[in-house]
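Working notes, beginning with the structure itself.
The values are calculated or read from the model by the stated rules, or taken from the named source; none is laboratory data. Keep in mind that what you see is a predicted model, and the values were worked out from it rather than measured. Accessible surface areas use protein heavy atoms only, side chains included; no ligands, DNA or RNA. Shrake-Rupley method; radii C 1.70, N 1.55, O 1.52, S 1.80 Å.
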Amino acid sequence: KADNYLRAGKYGKSLQEYKKLLYGNMAERFSTEEYGDLLHNQAIALFHVSSFQEAATGFREAYARNHNEKSLNQYLYTLLMNEQKELFVKEGTSLGKSLDELEKLERNYEAEKEKCSSNPEDYDFIENCKKDLRASFAGG
């Protein structure tokens, strides 16, 4: 159910469902890796309805459990989004990334950022949608 909501872009509802799974009676049934994967998906929902910092924390927790490169990379990308370059380098190297790998991640991030900034109207629209989502989620 949580995954379906996430795929459908219903981030607030997916977040509620992930919290039920992660902190409810079912939590003990998941392997450490499965639990980490659920944390990863919850962090995606947090990215959309909350803050980059909360998403970063979620991706970091996910990686600690699932050891999935995807979770690690998402964690590092959210640090860059939060303009935490120093922490990006520190965390990246402490979690086993080489400086070359970190440079590649940063180049990828900058390239995607450039694509987004080429049309400021889209950026404003997305930011307004995020605010609406956050307000909607906070209300219920």
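Taking all protein chains together, 32, 78 sort by accessible area into 32, 78, largest first [probe 1.4 Å]. Fully extending the segment from residue 112 to residue 85 would add 8.1 nm, taking 0.36 nm per residue of separation and subtracting the current Cα-Cα distance.
With 29 Å as the limit on Cα-Cα distance, the pairs of 10/97; 13/70; 10/113; 13/85 that go past it are 10/97; 13/85. Applied to region 33-42, the Karplus parametrisation 6.51 cos²θ - 1.76 cosθ + 1.60 on θ = phi - 60° returns per-residue 3J(HN,Hα) values of 5, 4, 4, x, 5, 5, 4, 4, 5, 4 Hz, with x for Gly and Pro.
For residue 124, the accessible surface of its heavy atoms amounts to roughly 90 Å² (probe 1.4 Å, protein chains only, rounded to the nearest 10). Given a 1.4 Å probe and the protein chains as shown, residue 47 ends up with an accessible area of around 40 Å². Residues whose amide H comes within less than 5 Å of that of residue 67, counting only those at least five positions distant or on another chain, are absent (H built at 1.01 Å from N in the peptide plane).
Tell me, in nm to one decimal, what length is gained between residue 23 and residue 101 on full extension, where the rule is 0.36 nm per residue of separation less the Cα-Cα distance? Each step should come with its number before you reach the end.
Numbers: separation 78, 0.36 × 78 = 28.08 nm, distance 3.44 nm.
So the chain would gain 24.6 nm between residue 23 and residue 101.
Stretch residue 16-residue 53 to full length: gain in nm at 0.36 nm per residue minus the Cα-Cα span?
In short, 11.5 nm is gained.
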